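Derivation of every value follows stated rules applied to the coordinates shown; laboratory data play no part. Fair warning: this is a prediction, and the values are worked out from it, not measured in the lab. Positions of Cβ are backbone-derived with ideal geometry, glycine not excepted, and every protein chain shown enters the neighbour counts.
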Amino acid sequence: MDQKPLRKLVESISKTVKSFKKVEVECLIRLFHSLLERADVRLDNAGLDRNTFRAILHNLFGMTDDMLMNRVFFAFDEDNDNCINVKEWVKGLSVFLRGTFEEKLKFCFEVYYLNGDGYISREEIFDMLKNSLYQQSSEETDEGIKELVDLTLKKMDYDDDGKISFADFEKAVKEDRLLLEVFGQCLPEEKICLDFEALAFTHPDF
C-alpha cells in the first residue's frame, strides 16, 4: 500500500481507536492487506468475507465453534455489508486484544443477541447451549438443555421478563466474571492475544 494513503488511513483510524499506537495501527492495516492478498479477494470487494474471517479466527485465534465464529463475524461487521473492512478489522481487534472489561462485556452481549432486538431470548440461549454442549457430548437431551436454560434465566434474568437484557447481562457478569462467555467462547484467550500481538507488531506480513 502506498505511503500517503496509508498514513491518511492510520490517522483516520487512530482518531476512533485509542487502544493502539499509530505504529501498531499501521501494522494491523498491513496485516489486513496481506490477509486479503492471501485470500485472493477481488479488489472490488476490499474486505474479508465470512469464510476468510472464520479461517482467521480459527488459525490465528484458536476458535473452533462455527456458530460463534459466525456471530463474531457479524459483531465485527458494523455496517452489515457482509465483509469486514480495514476500519472494522482494527476496531474489532482493539476489543479482542486491548479491550476494557466494559468493551468486552458489550462485545460478548452483541455476539450473543444477534437477532438485533437487544435481548438474548430463551430460544437463543437454548441454541447456544445446545451448540456448545453437543460439541462436548452428543448425549445431552433437549429436555436437559431446557433445564439449563431455566437455570440460566433464573441466575441472569433480574427483571423476570423471560429474556436477558444488556442490564441483566452486565449485572450478572459483574457479580460473576465467569459468566462473561457463558454461552460459548467469543474472545480469544490471553496467551493467544499476546502471541498474535508479538507476530502482528513485529512481522505484519506473517
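Using Cβ point charges alone (K and R +1, D and E -1), the dipole size of segment 1-88 about the Cα centre works out to roughly 460 debye. Karplus-based coupling profile of segment 3-12, in residue order and whole Hz: 4, 5, x, 5, 4, 4, 5, 4, 4, 4, with θ = phi - 60° in 6.51 cos²θ - 1.76 cosθ + 1.60 and x standing for Gly or Pro.
Across segment 85-206, the mean sequence separation of Cα contacts (distance under 8 Å, 6 or more residues apart), normalised by length, yields a relative contact order of 29 percent. A Gaussian network model of the chain, with springs between Cα atoms under 10 Å, assigns the largest mean-square fluctuation among V173, V95, V72 to V173. Couplings 3J(HN,Hα) for segment 183-191, derived from phi with the Karplus relation 6.51 cos²θ - 1.76 cosθ + 1.60 (θ = phi - 60°), are 9, x, 6, 10, 10, x, 5, 4, 4 Hz, where x marks Gly and Pro. Summary of the geometry: segment 51-117 and segment 127-201, compared by the centres of their Cα atoms, lie 15 Å apart. If R0 is 30 Å, what FRET efficiency do you get for R7 and E78 from their C-beta distance, rounded to 0.05? Between R7 and E78 the formula returns 0.80. Compared with the direct C-alpha span, the chain from N70 to E190 gains 41.1 nm at full extension, assuming 0.36 nm per residue. Computed over the chain, the per-residue total of -39500 (n - 2.57) for DSSP H runs of n ≥ 4 gives a 222 nm mean residue ellipticity of -20000 deg cm²/dmol, rounded to 500. Which entries of K130/K191; K21/K174; K21/K87; K106/K171; K146/K174 have Cα-Cα distances beyond 19 Å here? Listed pairs above 19 Å: K130/K191; K21/K174; K146/K174. Computed from the C-beta positions of T202 and H33 and an R0 of 22 Å, the FRET efficiency is 0.80 to the nearest 0.05. Express the Stokes-Einstein translational diffusion coefficient of segment 145-186 in µm² s⁻¹, to the nearest whole number, given a Kirkwood radius over alpha-carbon pairs, 37 °C and a viscosity of 0.692 mPa s. Rounded to a whole number, D works out at 312 µm²/s. Inter-label distance, D161 to E103: 2.9 nm, where each label sits 7 Å from its Cα along the C-beta direction. Using θ = phi - 60° in the Karplus curve 6.51 cos²θ - 1.76 cosθ + 1.60, the 3J(HN,Hα) couplings for segment 56-63 round to 5, 4, 6, 6, 9, 10, x, 7 Hz; x is entered for Gly and Pro.
Placing a pseudo-label 7 Å from each Cα along the Cα-to-Cβ vector at R177 and E147 gives an inter-label distance of 3.2 nm. Relative to the compact-globule estimate of 2.2 N^0.38 Å, the Cα radius of gyration of segment 37-182 comes out at 1.13.
For the chain, the longest principal axis of the alpha carbon atoms and the long axis of helix 142-156 meet at an angle near 80°. Excluding the sites themselves, what is the longest stretch of the chain that contains no trypsin sites (Lys or Arg not before Pro) in a DSSP loop with at most 16 other C-beta atoms within 10 Å? Here the longest run is 43-206.
Its relative contact order, with pairs defined as Cα atoms under 8 Å and 6+ residues apart, puts the chain at 25 percent.
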